[in-house]
Structure formats: structure tokens, C-alpha cells
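Participant: Quick one: structure below, then a few questions.
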Amino acid sequence: MPLLDIQNMTVEFGEVSSPFRAVDGLSLTVNEGEVVGIVGESGSGKSVSSLATMGLVAYPGRVTADRMHFAGQDLQAMSSRKRRKLTGSEIAMIFQEPMTSLNPCFTVGWQIMEALKIHEGGGRAERRERAEDLLRLVGIPDPGRRLTAFPHQMSGGMSQRVMIAMALACNPRLLIADEPTTALDVTIQAQIMDLLLDLQQQRGMGMVLITHDLAVVAEAAHRVVVMYAGQVVETGTVPEIFEHPRHPYTQALLASLPENSVGRNRLQTLPGVVPGAYDRPHGCLLHPRCPYSQRHCREEQPQLFGEGPFRHRCFYPLDDEGNPTYD
Amino acid sequence: MLGFFIKRLGLVVPAFIGVTVLTFALIHLIPGDPVLMLAGERGIDPERYARLRAELGLDQPLVVQYWNYISGVLQGDLGNSIVTKKPVIDEFLTLFPATIELTICAIIFAVGVGLPAGMLAAVNRGKTLDHAVMATSLTGYSMPIFWWGLLLIILFSVTLGWTPVSGRISVMFWIEPITGFLLIDTILQGNWDAFWSAVHHLVLPAIVLGTIPLAVIARMTRSAMLEVLREDYVRTARAKGVSPKRVIMVHALRNALIPVITVIGLQVGVLLAGAILTETIFSWPGIGKWLVESINRRDYPAIQGGIMLVATVIIMVNLLVDVLYGVVNPRIRHQR
């Protein structure tokens, strides 16, 4: 039984009659101890789907799914009170912007101890000690003194370490990391990523790693989900996706990596942007930007084809040489 | 923090000079003459008139009068009232507790109702409750104090007979002033009947005076709250599994209070200005009523002294607000 099992999740905003689908039929499973990477451009629905998993999509957003199970428990059927007991303890999340994700009015220690207090109770002194241990765990020097520091007294990297400590406070079984290094300095990025992966392995947590850094995914993840405009366009294992992408969008993402443009004058790009609420094309959502698109692509929306962990949403999937298979 | 404090105090000096010049100029612009007012309807013979004017120093050029006044103020002497001959400072201090009592109760009312109302509106944004709170507060904000006071008197005092029409306490009681605050003095003396009488007299004026600040506080709380609720750290709190109530009451409110406290501080000036009208309507024996009477009698030292003392209070309160700001907001507290 997978730790997280989501089938056909949809998140809608706006009018019920003409909704905007930020996430469109996402299916995602994460096993115990497994790292699943979700990649895609900005606006492809990565963050919204993780917020929906946490139960943090606020009114007027609407979340529906055929199945949303965590460790065998139905997240949709349970009361909001019961679900809150899971969020922050069994399922934890860290965010993109560490500097604004900590409350400026409270000390770091207070914010970590609050998570402990809500989910585990225990005495004040004990909580303090645990918080100190957590800060030590995430590599913050002089943790005892840092407990009384306010967020504005810390750097971005430090803040993200605190966020990680807070997320790990109650030993979660699933950690959702939403672009945990995007807002940080390049030198700090690697440190934070290493810390996260170390902790994930030590504790055998399941992890959803949302990023647009493909290099990180290649290094860290077991499986990859590629999203575009709210839809899953391709899933697969890391070696398979990186060696033989089936979907033109995945191919384009990989081609845009700087290391794949060595010896060229320009980076390879995919012209255009992700369609928004008002300019969603008919047919395949990628077709206006796809170099291989045919008439069929403009007329009909492709389903997810394929078996098991290998899926793609393309009528003319790429072969091992990277050419479309028109038959 | 100390440097910050001294810098703020430095700004107070030009503010004081401005206040004295302005009040002095305005008073002498009003037509009328204190000596003629004192003389009353029967008039006064020119010789005596000239002598009295000379006695009060009113025959000297304005610049000299201003200089005399200022040099007195700098030595802590605000002069004597022309009418009662008593020192202005004594009169002020006798009446001031009544105004303070009224103002504090008005603030308590305004914050006690305005803050929760603004929070409820923000949390129920776009729903009926939000619209109701916002419409009511706009009405309250636009209501002229004197008219609002009269309406309440007609309804609660005249028609329903729940509260007295005017005054601070029933004439049946004589309370020896200890602190000058009737609510406290009656309790100290264990006179509960007098205490309830004082409360009855206080309710309407406090509501009237607190209405405009209430509206301002409610609107400010709502917008500050709405802004804070969109912040990333609120999402973090929810991701920790914090209950919605605690997210609002602890995580959001603390941050939303920062702008609200500034507004409350600014409202103190509005309150003291409003006290002049409210005290006149309710015959409340405070500074506001005294100032109005002094203006009517052209009692120059009383007007000047009174306004300067009121300005002092407003400046002090704003200093206090700046300090409070640091208490709520650690980012200010830690600035060096």
C-alpha cells in the first residue's frame, strides 16, 4: 500500500460555471522512503497540487479527487479536525520562501515548539529541549541561543533550516518540499538539498520534491512526474525519463538545461508560456508550443497512455532517438 | 531605543512653538474683549476699562504679549484665568480627570468593539457580516458627533429613560476626589450606589465619543487582517496543523495589530477634539466644556494654557504609541 495515493485530483478556482483548473486530473503515489520529483515550469500546477494534498487550498478553491488516501486513511472523508492532526505531524511541508514563511512576531523557538505543542503536548522544558535538538539536527550552530532569535535576525539559508526543523518536529512520514531551494543563494542551495536528502534517508520518509531544477531531480528522486498547465504529461523512473523522454515537453525541458547547450551559442528554449486561465488551447494543451504538433493534436486532447509507472500524454510519443512516432 | 526616544523628543519642540503661535494668533483674531465680557451688559466706564486692560497686559503690542506669555510658560507658569483669577494649571488639573475618564472609556469601547468587528469582517470577507460591519462603520464614521449624541439622548434618556441626560454623577452624591476619576473614587470609598450612578452617566458620552474611533479601528483592523491572512507565515501555521481560530487569534492578529496600534494612537487626538463637543452636549465637567466656556468668555490665558496642555497630552500619547510599537513588533525593538 502506498503512503500517499491520489487519483484524479482536480483543483478549481473561480466561477463554478466557468472554472479555471489549476490542477487537472493529477494522480500521484508516493511509497514509504521514496522520493518523487514533480517538475514543470512556473504555473504548471505543482504548488497548488501540493497545497491541495495538505488540505491548504482555501475558499474559493475547490479540490476534488477520486481517491486521496494517506497511509490507508481517506483524507477526503475525515473531519477537518482529524485532518489537521495529520497535517504538520504525519504530513509536513516546507515552502519556497523561507524568509516570509516564518512569522516575524515570534521567536524561532516558539514557532518550532508550537508544532510540538499542538501534536504531542508534553512539558515546556521537554519541548524546549526537543526544539534545540531539532535545530542541531538541521545544522544550526549554537542552537540553544538561536531559539530566542527572531526570523529577521536570520539569513535565508538559516530560515530554511528552521523551516525544515519545524517540518520534522513531529517525525512526519511524508514531507512535501515545494521548491525548497529556489529562493536561496546557489552556494546554499546545495547545502540545503543535501541536508534534506540526508534527513529523508535517515528517517525513511516519503518525499515529494517539487522543483524546476532537473539536476536536483536527477540526483535525488526515484520517480519523476512532469506537469504542464495543471496536467501530468509524463511519469517515469529517473533514468528512463532522462535517457528517453517520451513527451515533447519533457524533451524540451531537458534540452533547456545549460549543460545540454555546451558548444552552442544560445540556450535551447521552448518558445511561448504556459497557458493561463483564459488562453487554454483546444486539444493538446502543449500543441501551440510543440515542434511536432499535427492536426490531430489541435483537435483532440490526448489521454495518459502507457502502463505502470511509465505514462505519457502524447499522440506521437518520442522514440529512443527522440523523434516523434508518426504512423 | 534611547536615541530613538531623544530624536522623537527633539521633534516635540517645534511642535510646541507651532501650537503656541497658532493658538495665540487665533485667539486674538476672534473679535471680542475679555474686559468687556467681564463687565457684562451694564458696560464699563472708559477709565476703568483702560485700567483693567493695562492690568491684564492687553494694552501692549501683540508681540510683547506673546513674549510675556512664552517666558511665563517656559518657567512653568501658564498664568491665571481672567475670570476666576485662579491659576490655569490648577483649573486644568481639577477638570482633566473627568476628560481622561471619558476618553479612556471611549477608547475601551472603540477598541473593544472595533477590533473584534474588524476581525470578524476580515475572516468573513465578502459575506453578509463583512458588508454589515463595513456599512455600519462607514455610517458611524460619517456621523456628526453632536447630532449622534442628541439622537442617543432622545432615544435612551428621554424616550426609554435608561440613562440620565447630562452630568457626571447624580447630584445626590458628593464624592471627595482622591484620584479625580469618579469610577475609581467611588469604589475606593465603597459607595456602590454612587459608582452605578457614575457608570450610568458615563455610558452614553463614552459611546458617542468612541463611535468615530471605533469605525476607524474596525476598518483598519479589517484591512490589516486581510493583508496578513495572505502572508506566507499564515500558510505555514496552517501547514503545522494549527486550528483556524488559533491562526487568526495568534499568528495573524499579532501582525495585524502593528498598523492598528498606530491608528489608535492617532485617534487620541480625534478623541480629545471630540471631547469638546461631547462634553458640551452632555454637560460633562471636563476640559472640553471648560475650553468652550473659556472661549466664550475670551479668557485668553485659560484657552492658551488649556490647548497647550491638551497638545502635550497628545504628543505624549503618540510617544507612548511609538514605544508600544516596539513591544509588538520585534523588528523595531531590535533596531540599533
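Participant: For the stretch A:61-92, what are the residues that are more than 13 Å from chain B (Cβ to nearest Cβ) and among the β-branched types (Val, Ile, Thr)?
Facilitator: A:63, A:64
Participant: Pick from A:48, A:23: which is aliphatic (A, V, I, L, M), in contact with a Gly (Cβ under 9 Å, 6 or more places away or on another chain) and either over 19 Å from residue A:229 (Cβ atoms) or assigned to a strand (DSSP E or B) (or both)?
Facilitator: Values: A:48 fails: either over 19 Å from residue A:229 (Cβ atoms) or assigned to a strand (DSSP E or B) (or both).
When all the criteria are applied, what remains is A:23.
Participant: In addition: For residues that are more than 26 Å from the chain's Cα centre (by Cα) and surrounded by fewer than 12 Cβ atoms within 10 Å (Cβ to Cβ), tally how many sit in the stretch B:54-84.
Facilitator: Residues meeting the conditions: 8.
Participant: Tell me which residues, restricted to the stretch B:213-263, are more than 9 Å from chain A (Cβ to nearest Cβ), β-branched (Val, Ile, Thr) and without any contact (Cβ under 8 Å) to a residue 24 or more places away in the chain.
Facilitator: Once the filter is applied, which keeps residues that are more than 9 Å from chain A (Cβ to nearest Cβ), β-branched (Val, Ile, Thr) and without any contact (Cβ under 8 Å) to a residue 24 or more places away in the chain, the stretch B:213-263 yields only B:247.
Participant: Quick one: in the stretch A:104-123, which of the residues that are at the interface with chain B (Cβ under 10 Å from one of its Cβ atoms) and part of a loop (DSSP other than H, G, I, E, B) is surrounded by the most Cβ atoms within 10 Å (Cβ to Cβ)?
Facilitator: A:105
Participant: For the stretch A:93-103, how many residues are facing chain B (nearest Cβ under 7 Å) and not in a loop (DSSP other than H, G, I, E, B)?
Facilitator: Here is the first cut: in the stretch A:93-103, the residues facing chain B (nearest Cβ under 7 Å) are A:93, A:95, A:97, A:100-103.
Narrowing the set further to residues that are not in a loop (DSSP other than H, G, I, E, B) leaves A:93, A:100-101.
Residues meeting the conditions: 3.
Participant: Between B:173, B:96, which is aromatic (Phe, Trp, Tyr) and not in a loop (DSSP other than H, G, I, E, B)? First the steps, then the outcome.
Facilitator: On the way: B:173 fails: not in a loop (DSSP other than H, G, I, E, B).
None of the others qualify; the one that does is B:96.
Participant: Looking at the stretch A:63-83, which of the residues that are under 15 Å from residue A:53 (Cβ atoms) and without any contact (Cβ under 8 Å) to a residue 24 or more places away in the chain is surrounded by the fewest Cβ atoms within 10 Å (Cβ to Cβ)?
Facilitator: The residue in question is A:74.
Participant: For the subset of the stretch A:124-156 comprising residues that are basic (Lys, Arg) and either touching a Phe, Trp or Tyr at 6+ places or on another chain (Cβ under 7 Å) or under 21 Å from residue A:194 (Cβ atoms) (or both), which member is nearest to the other protein chains (Cβ to nearest Cβ)? It would help to see each step written out before you state the result.
Facilitator: Kept after step one, since they are basic (Lys, Arg), are these residues of the stretch A:124-156: A:124, A:127-128, A:130, A:136, A:145-146.
Still in the list and also either touching a Phe, Trp or Tyr at 6+ places or on another chain (Cβ under 7 Å) or under 21 Å from residue A:194 (Cβ atoms) (or both): A:136, A:146.
Values: A:136: 20, A:146: 15 Å.
Once the filter is applied, the top-ranked residue is A:146.
Participant: Shifting gears a bit: For the stretch A:42-53, state whether one or more residues are more than 14 Å from every other protein chain (Cβ to nearest Cβ), surrounded by fewer than 19 Cβ atoms within 10 Å (Cβ to Cβ) and either in contact (Cβ under 8 Å) with a residue 60 or more places away in the chain or on the phi < 0 side of the Ramachandran plot (or both). Don't jump to the end; show me each part of the working.
Facilitator: From the stretch A:42-53, those more than 14 Å from every other protein chain (Cβ to nearest Cβ) are A:42-46, A:49; that's our starting set.
Next cut, surrounded by fewer than 19 Cβ atoms within 10 Å (Cβ to Cβ) only: A:42-43.
Right, trim to either in contact (Cβ under 8 Å) with a residue 60 or more places away in the chain or on the phi < 0 side of the Ramachandran plot (or both) and you get A:42-43.
Yes, there is a match, as at least one residue in the stretch A:42-53 is more than 14 Å from every other protein chain (Cβ to nearest Cβ), surrounded by fewer than 19 Cβ atoms within 10 Å (Cβ to Cβ) and either in contact (Cβ under 8 Å) with a residue 60 or more places away in the chain or on the phi < 0 side of the Ramachandran plot (or both).
Participant: Can you find a residue in the stretch B:146-154 that is touching a Cys at 6+ places or on another chain (Cβ under 7 Å) and of a type outside the set (S, T, N, Q)?
Facilitator: Looking for residues that are touching a Cys at 6+ places or on another chain (Cβ under 7 Å) and of a type outside the set (S, T, N, Q), one finds none in the stretch B:146-154, hence no.
Participant: Looking at residue B:129 and the list (1) of a type in the set (A, V, I, L, M); (2) surrounded by 17 or more Cβ atoms within 10 Å (Cβ to Cβ); (3) more than 30 Å from residue B:177 (Cα to Cα), which single condition is not satisfied?
Facilitator: If we test residue B:129 against (1) of a type in the set (A, V, I, L, M); (2) surrounded by 17 or more Cβ atoms within 10 Å (Cβ to Cβ); (3) more than 30 Å from residue B:177 (Cα to Cα), just (2) comes out false.
Throughout, read-outs are computed from the coordinates displayed, never taken from laboratory work. Just so it is clear, the model here is predicted, and its values are computed rather than measured. Cβ: placed from backbone, ideal geometry, glycine included. Neighbour counts: every protein chain shown.
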